[in-house]
1. Could you list 85, 121 in order of exposure, starting from the residue whose Cβ has the fewest other Cβ atoms within 10 Å?
2. For n ≥ 4 DSSP H runs only, could you compute -39500 (n - 2.57) per run for the chain, divide by its residues and tell me the 222 nm figure to the nearest 500?
3. What number, in percent, do you get for the relative contact order of the chain if the mean sequence gap of Cα pairs under 8 Å and at least 6 apart is divided by its residue count?
4. Taking the Cα atoms only, what angle lies between the long axis of helix 125-140 and the longest principal axis of the chain, rounded to 10 degrees?
5. With the contact rule set at Cα under 8 Å and sequence spacing of 6 or more, what percent relative contact order holds for region 129-229?
6. Which of these, 242, 124, 84, has the largest mean-square fluctuation under a Gaussian network model of the chain (Cα springs below 10 Å)?
7. Give me the angle, in degrees from 0 to 90, between the Cα long axis of helix 233-252 and the longest principal axis of the Cα atoms of the chain, rounded to the nearest 10.
8. Relative to the first principal axis of the alpha-carbon coordinates of the chain, what is the inclination of helix 59-69, with its axis defined by its Cα atoms, in degrees from 0 to 90 and to the nearest 10?
């Protein structure tokens with residue numbers, strides 16, 4: 001295989017509302033379940049390719065609602081996490097998984113070193129450059145960006161149901177997460193909200209927070225939403241409404257610098 005993406009497929013990164021005036025920058029690494037034509041189906045069934053192993057259902061739509069309301073820029077990946085998981089560094093085996101939950105991924109198990117390199121070069125590196133550049137540009141103009149990465153997770157994992165509904169995740173920098181969790185603790189919102197669940201730093205899920213948040217010294221948080229809550233537009237709007245309140249309250253409570 002000479003290269004991964006065809007000219008007709010376009011680039012791997014989509015940027016929406018690039019000239020936004022708001023401070024939030026939303027990043028959705030698992031927005032799409034699309035596969036490049038040259039990879040076929042990776043040996044997977046249509047059922048597997050529609051499931052959570054290929055993408056984060058509903059996460060992009062929640063991002064879009066929030067980006068519109070908060071006049072924020074949104075960056076999202078146009079190809080499936082099975083091709084390359086942009087929330088993982090190139091040295092991680094999880095970047096191109098050979099097994100995802102109960103599903104074998106034959107096309108990843110048989111790829112050559114050159115094919116894996118093409119995925120890094122054509123998927124991950126352009127995504128990394130796009131997010132890094134947006135943050136650098138905002139900092140250079142004297143604006144403080146606030147990084148929010150958005151994900152969704154399956155209600156049942158390895159046969160075990162999950163009761164947590166919204167996870168507020170962080171790595172070493174918990175400034176924004178702390179304030180959002182404090183806001184969530186006020187009143188009865190009806191959601192089961194937890195810190196660093198259903199995943200946390202030990203699971204390797206905070207790569208983007210480290211790479212674009214901690215490295216640049218900007219406030220950052222990762223949000224995980226159980227995907228049964230955001231299967232349709234009504235659910236997506238309801239959750240976006242709630243998260244808008246947490247995000248704006250959390251940022252307002254941060255020190256000015």
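1. Final ranking by Cβ density, sparse to dense: 121, 85.
2. On the way: 7 runs with 73 residues, N = 257.
Mean residue ellipticity at 222 nm (helix-derived): -8500 deg cm²/dmol.
3. Numbers: 469 pairs, mean separation 59.4, N = 257.
It rounds to 23 percent for the chain.
4. Taking Cα atoms only, the helix is inclined about 20 degrees.
5. Working: 153 pairs, mean separation 44.4, N = 101.
Computed over region 129-229, the figure is 44 percent.
6. 242
7. 60
8. Its long axis makes an angle of about 40 degrees.
Each reported figure results from applying straightforward, stated rules to the coordinates on display, with no laboratory input. Bear in mind the structure is a predicted one, so any value in this text is a computation, not a measurement. Positions of Cβ are backbone-derived with ideal geometry, glycine not excepted, and every protein chain shown enters the neighbour counts.
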